[in-house]
1. Kindly indicate whether any position in segment 130-140 is near the ligand (Cβ under 6 Å from one of its atoms) and open to solvent by 50 Å² or more (accessible area, probe 1.4 Å).
2. Mind checking which pairs have a first residue in segment 74-90 that is small (G, A, S) and a second that is open to solvent by 30 Å² or more (accessible area, probe 1.4 Å), Cβ under 6 Å, 6 or more apart or different chains?
Amino acid sequence: MDKQDVEHSSPSTLQPMVAILGAILAFSLIIALLMHVPAEGDTKPVVANAEENIKPVAAVEVAATSSGAHTEKSGEEVVKAVCAMCHAAGLMSAPKIGDKAQWAPRIAQGYETLVKHATEGIRSMPARGGNPDLSDAEIAGAVANMANQAGANFDPAKLGKK
Ligand code: HEC
């Protein structure tokens, strides 16, 4: 007899519970929808931005992996890929590309000294521009490329043959 009672009463106690659960679900669904609708408008430009931001990173990765086999890059390529990161805008007071006044005292030190400093690093200038994959020739080419844009006439072919 007891067993029958339980079987009878259980569905009747479950029903309000199901109703409450249903109400909670419906309520949270509405909240979720309400929160989602304005969020969608907001995320679209963010997603577009994120895609734009990812592109240069992907490009850098491709450049890094392709240098695994090490194809020598021209001075100009190295400058664009590595050195410009700081030297384009003059980050941490790096001499700006094309700024003759900033480069003149550097150039006056001579090509060899500049290449040595670029290779070994000096003050906040990291060794090899922070890219240990760069060869000596690539550093020399990059130094000549930047210095020559500011009035020098350095020739990587003549380096060390003075
Ligand atoms: C992380 C930023 C950064 C990167 C990347 C970078 N540089 Fe520099 N570089 C500097 C800063 C800062 C200075 C100025 C250092 C000082 O004189 O205090 C500098 C100075 C120099 C100088 C002048 C050194 C001297 O003796 O006056 C040369 C040459 C140079 N960088 C070459 C390069 C080359 C070539 C690359 C790319 C392979 C490169 N840099 C990448 C930050 C950077």
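The values are calculated or read from the model by the stated rules, or taken from the named source; none is laboratory data. Here the structure is a predicted model, which means the values were calculated and not measured. No Cβ is skipped: glycine too gets one built from the backbone with ideal geometry, and neighbour counts run over all protein chains shown. Ligands, DNA and RNA are excluded from the accessible area calculation, which covers all protein heavy atoms including side chains. Shrake-Rupley method; radii C 1.70, N 1.55, O 1.52, S 1.80 Å.
1. yes
2. G75/N145; A81/A63; A88/I97; G90/K96
To keep it simple, each residue is scored yes or no on (1) near the ligand (Cβ under 8 Å from one of its atoms); (2) open to solvent by 50 Å² or more (accessible area, probe 1.4 Å).
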| site | (1), (2) |
| --- | --- |
| C83 | yes, no |
| C86 | yes, no |
| G90 | no, no |
| Q109 | yes, yes |
